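Undergrad: Got a structure here, written out as C-alpha cells. Questions coming.
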Amino acid sequence: MPGPSGPRGLCKGEVQEGVMSGNEAAATEELKDALPTEVRISPGMNRLTELNRRALENPSEFWEPYADELHWEEREGPLFTKTADPPYGSWFKGWKTNLCYNCVDRWMTTERRNKVAFYWEGEPGEKRTISYHDLYREVNLLASAMKELGVREGDRVAIYLPMIPEAIFAMLATVRLGAIHSVVFGGFTAQALADRMNDSKQRLLITADGGFRAGKIVELKKIADQALLQAPTIEKAIVVKRTGQPVEMKPGRDFWYHDLIAKAKPYVAPEWVDGTHPSFILYTSGTTGKPKGAVHSTGGYMLWLYYTMQAVFDVNDQDVYWCTADIGWVTGHSYIVFGPLLRGATTFFYEGAPQIPTWDRWWSLIERYGVSILYTSPTAIRSFIKQGEALLEKHDLTSLRLLGTVGEPINGEAWHWYNKHIGRGRCTIVDTWWQTETGGILITPQPGTVDIPLKPGSATFPVPGVDAAVVNDEGHEVPRGEKGYIVIRNPWPGQFMTLWGDPNRYKSVYFSRFPGFYYPADFCIRDSDGYFWLLGRADEVMKISGHRLATTELENILIMHPAVAESAVIGKKDEVKGEVPIACVILKPGHTPSPELAKELLDHVRNNLGPFGVPAQIYFVEKVPKTRSAKIMRRLIRDVVEERPLGDMTTLEDETSVEEARRAYEEFKKDIARAKG
Ligand code: ATP
Ligand code: MG
C-alpha cells in the first residue's frame, strides 16, 4: 500500500486557500474582486498546457502510444479524422477491436490473470471475490448463453439489475458479442424501463428476481413484468436469482440465469467491431426533458477511459478502488466497469445503502477492504455531514490516499469536511467534471500526470485533448473572472456519437447553441490562474428584475451558512420582478426554524450575493424532492410553491414514475404547509 501521504499527491499543504471557498464566491457579482490578483503558474500547469496543445494539434500522433497499449485486431486508416458534421470528428474508424477483450481477455496471459478484479459485498453482508480469470469464465458463459438465445452484433440488450457482480458480467458479455447494452438503474419504475426498451427496440432483458436496498427488497422482476407488457420488442428475459422471493417465469420467454450458465459453452470468441461501433446507449438522468439515449462508441470511449483512469485516479496494482456510483449511471459504466478493468485494477463495490445496518457501513467497508481510492458525490458527502463524526471516527481510514467527487459542484464546506474527516488531511482530492454525454472525465486534477495546487470547489484543468472555454451568449470567450457557458471547441475521443434514433436532436441540443462547439449547458468561471470553476446547470436560471441568477448559485450561498444542511431554490413568477427566488432550506441537527433564523439567512444572502438575490420567502422543510440520481426536482417544488396542481410529469417519468412524483408532491405540500405554519 502506498504511504499515507499518497504517491504523487496534491496534498493538503498545497491547497491554495483563501481564494474561493467553494462555488459560493463564484456566485457573486463581486467575484472579480474576490479572485487573486497575482497569477500563480506552477510547473504542473505548464506541463498540462503543453500536453493539451500537443493533443489538440495532432490528435492521431498524441493518442497513438496510448492506443498501442490496447488490443486492436486490425488497424485500417487514421486514428482520428475530422468530419464536417457534429461531433466534427471520428476516432478509430476502420480499426477493429472488442471492449470486453480489452477489459478481460487481455489479462489472461499476464500475471493479472490471478489478480482480484472485484471484491463485492451485498447489503445483507455476503461477500464475493472475483479474479480476472473468474471474470473471464463468467463473462464467456453468459455471452455463450446470450448467443444461444439469439443475441447478435448490433442487437440492443436491456440490463435492469441490482449492484451485483452479474450486472458487470452482463455488460461485458453484451459488448463481447458486439451487442449494445442499455443499463437501466434498478431504482427506475416499469414505465421508465418500458420507455427505454421501446425507444431503442431492445430484444433481450437481463434482470433479477429482486435486489436489496436500504433494508428492503426491490421487486425487480415484478416491475420488469409490468414493463414487458408494454415492450413488445423484448423476446427473451434472463433472470438472476438474488433475493430468492417467488417470481413469475413466463415459459419460453423467461430463463433463470443459473440454468442457462449450467448448459453454456465455456468460451465464445469476441466479435471484432469497428472503433465507431456503438458499445452502449445510456439514457441521461433526465433532470430536464424527455430521456435522451446517448450512444457511445467503442474505440474512442475505450481510449478515453484507459487514459483518464490513470491520469485522474493514478490507479496501480496495490490499489483497491471504490466508486460508489450505481452502474445505472454513466459514472458506473465508465469508472466501475470499463475504466478500472482496462487498467487491470482491483475494484470494490457494494450493493446497498450507506445506512445499513448503521451509518458507518462505508467506513467499515473501507477499513475491511483497505480501500485506497474513493470516488463519490457531493450529495453523499453532505448526507454524511448530517450524521456527524462520532461513528466515522471509530474506523481506520488510513488506507485511503485519493478521494474523488462527481455529479455536481462541491461546496467549500463539503470539500473541507471530505478532506478533513475522510481524507484525514492527507489525501489527494480530485473534483471531476463531466457528463453522460462526454463518456469520461473532462475537467479535473490529474495527479497521475502532474502536481498542481488544488482550489476547493474548482475542477482545475481540462484533460489533454479537451479545448474548453468559457463564452458569453454570443459565443465569445469572456474575460477571466467572468461567468459564462462552458463549451468544448473540439472533438475528443470519449464523446458520444449521437442520440439513439434522433440525430437532429443531437445536433440541436448540443451543437447548435454555439455552432462548431459542444455545448454542455453548464455555467463556469475561469479565475485569473486559469482554473475552471463549474457552477452547475445553465438551464435553471431565474430572471429577477433583469438579473440572471442560477438557482444553484443561491443554493450554494445558503449552504455556506452554518445552520443550513441543504437547500433548493426555485424562481416564482412575480408581476413586478418577473421572477423572485423562493428557498426551501433543511437545517442541520441542533438548529430549529425561527423567524430570526430566516432573517439571518436573508441577511446572509444579502451580504454574500447582493440584494437582488435575496429570497422572497424561506421555507424550512424536512426534505426536498429529488430524482433518483439525487438532483432536485425543481418543477415539482414550483408547482407546490405556486399552489398549482402537480403539472405534466411526463418528462420526469423516466426518472420517477408519475405516481412517485405525485407522492413526493403530496409530501412536500404538507411539508410546505407546516413551514407556512
Ligand atoms: P439530463 O442531462 O438528462 O438533465 P443530468 O445532466 O443530470 O441529466 P448527468 O450527465 O449525470 O445527467 O450529469 C451531468 C451534470 O452534472 C453536468 O452537466 C453538471 O451540471 C453536473 N456535474 C457533474 N460533475 C460535476 C462537477 N465536478 N462539478 C460541477 N458540476 C458537475
Ligand atoms: Mg445533462
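The values are calculated or read from the model by the stated rules, or taken from the named source; none is laboratory data. Quick caveat: nothing in here was measured; it's all calculated off a predicted structure. Cβ placement follows ideal geometry from the backbone for every residue including glycine, while neighbour counts extend to all protein chains displayed.
Undergrad: Suppose the filter is small (G, A, S), surrounded by 21 or more Cβ atoms within 10 Å (Cβ to Cβ), under 30 Å from G578 (Cα atoms) and out of contact with any Phe, Trp or Tyr (no Cβ under 6 Å at 6 or more places or on another chain); does S512 pass it?
TA: It is false that S512 is small (G, A, S), surrounded by 21 or more Cβ atoms within 10 Å (Cβ to Cβ), under 30 Å from G578 (Cα atoms) and out of contact with any Phe, Trp or Tyr (no Cβ under 6 Å at 6 or more places or on another chain).
Undergrad: Among the residues in region 237-244, are any hydroxyl-bearing (S, T, Y), in contact (Cβ under 8 Å) with a residue 40 or more places away in the chain and either assigned to a strand (DSSP E or B) or not assigned by TED's automatic domain parsing to the domain that holds W362 (or both)?
TA: No, there is no match, as no residue in region 237-244 is hydroxyl-bearing (S, T, Y), in contact (Cβ under 8 Å) with a residue 40 or more places away in the chain and either assigned to a strand (DSSP E or B) or not assigned by TED's automatic domain parsing to the domain that holds W362 (or both).
Undergrad: Would you call L549 surrounded by 21 or more Cβ atoms within 10 Å (Cβ to Cβ) and near ligand 1 (Cβ under 9 Å from one of its atoms)?
TA: no
Undergrad: Further question: Check every one of the strands (runs of 3 or more DSSP E) wholly within region 418-494 and list those with 1 or more residues that are in contact with a Leu (Cβ under 8 Å, 6 or more places away or on another chain) and either more than 19 Å from L56 (Cα to Cα) or free of Cβ contacts under 8 Å to residues at least 12 places away in the same chain (or both).
TA: 428-431, 483-488
Undergrad: So Y375 clears everything in (1) within 16 Å of ligand 1 (Cβ to nearest atom); (2) within 19 Å of L161 (Cα to Cα); (3) among the aromatic types (F, W, Y) except one condition, right? Which one?
TA: Going through the list (1) within 16 Å of ligand 1 (Cβ to nearest atom); (2) within 19 Å of L161 (Cα to Cα); (3) among the aromatic types (F, W, Y), Y375 breaks only (2).
Undergrad: What's the total number of residues in region 393-414 that are within 21 Å of Y321 (Cβ to Cβ) and either more than 24 Å from the chain's Cα centre (by Cα) or not basic (K, R) (or both)?
TA: 13
Undergrad: I need the full set of residues from region 467-520 which are under 21 Å from K82 (Cβ atoms) and polar (S, T, N, Q), in order please.
TA: Matches in region 467-520: N490, Q495, T498, S512.
Undergrad: Does region 555-566 include one or more residues that are within 19 Å of V641 (Cβ to Cβ), within 22 Å of the chain's Cα centre (by Cα) and away from ligand 1 (no atom under 15 Å from the Cβ)?
TA: For region 555-566, residues within 19 Å of V641 (Cβ to Cβ), within 22 Å of the chain's Cα centre (by Cα) and away from ligand 1 (no atom under 15 Å from the Cβ): present.
Undergrad: Filter region 282-309 down to the residues that are within 15 Å of the chain's Cα centre (by Cα) and at pLDDT below 95, then identify the one that is farthest from ligand 2 (Cβ to nearest atom).
TA: Y283
Undergrad: Restricted to region 403-443, and to residues that are touching an Asp or Glu at 6+ places or on another chain (Cβ under 7 Å) and either away from ligand 1 (no atom under 15 Å from the Cβ) or under 23 Å from W329 (Cβ atoms) (or both), which residue is modelled with the lowest pLDDT?
TA: Residue satisfying both the conditions and the ranking: N411.
Undergrad: Does V541 qualify as being in contact (Cβ under 8 Å) with a residue 40 or more places away in the chain and within 16 Å of ligand 1 (Cβ to nearest atom)?
TA: Answer is no for this residue.
Undergrad: Select, from Y619, Y531, the only residue that is over 28 Å from D326 (Cα atoms), assigned by TED's automatic domain parsing to the domain that holds V430 and surrounded by 17 or more Cβ atoms within 10 Å (Cβ to Cβ).
TA: Step by step, each of Y619, Y531 is checked, and only Y531 is over 28 Å from D326 (Cα atoms), assigned by TED's automatic domain parsing to the domain that holds V430 and surrounded by 17 or more Cβ atoms within 10 Å (Cβ to Cβ).
Undergrad: If the Cβ limit is 9 Å and pairs must be 6+ apart or interchain, which residue in region 496-524 that is away from ligand 2 (no atom under 16 Å from the Cβ) pairs with which residue that is assigned to a helix (DSSP H, G or I) and among the small types (G, A, S)?
TA: Pairs that qualify, where the first residue is away from ligand 2 (no atom under 16 Å from the Cβ) and the partner is assigned to a helix (DSSP H, G or I) and among the small types (G, A, S), are M497/G300.
Undergrad: Moving on. I'm trying to understand the selection: among the residues of region 407-457, which are within 16 Å of ligand 2 (Cβ to nearest atom), of a type outside the set (A, V, I, L, M, F, W, C) and within 16 Å of C524 (Cα to Cα)?
TA: G407, E408, P409, T432, Q435
Undergrad: Further question: I need a count of the residues in region 435-471 that are on the phi > 0 side of the Ramachandran plot and of a type in the set (F, W, Y).
TA: Summing the residues that are on the phi > 0 side of the Ramachandran plot and of a type in the set (F, W, Y) in region 435-471 gives 0.
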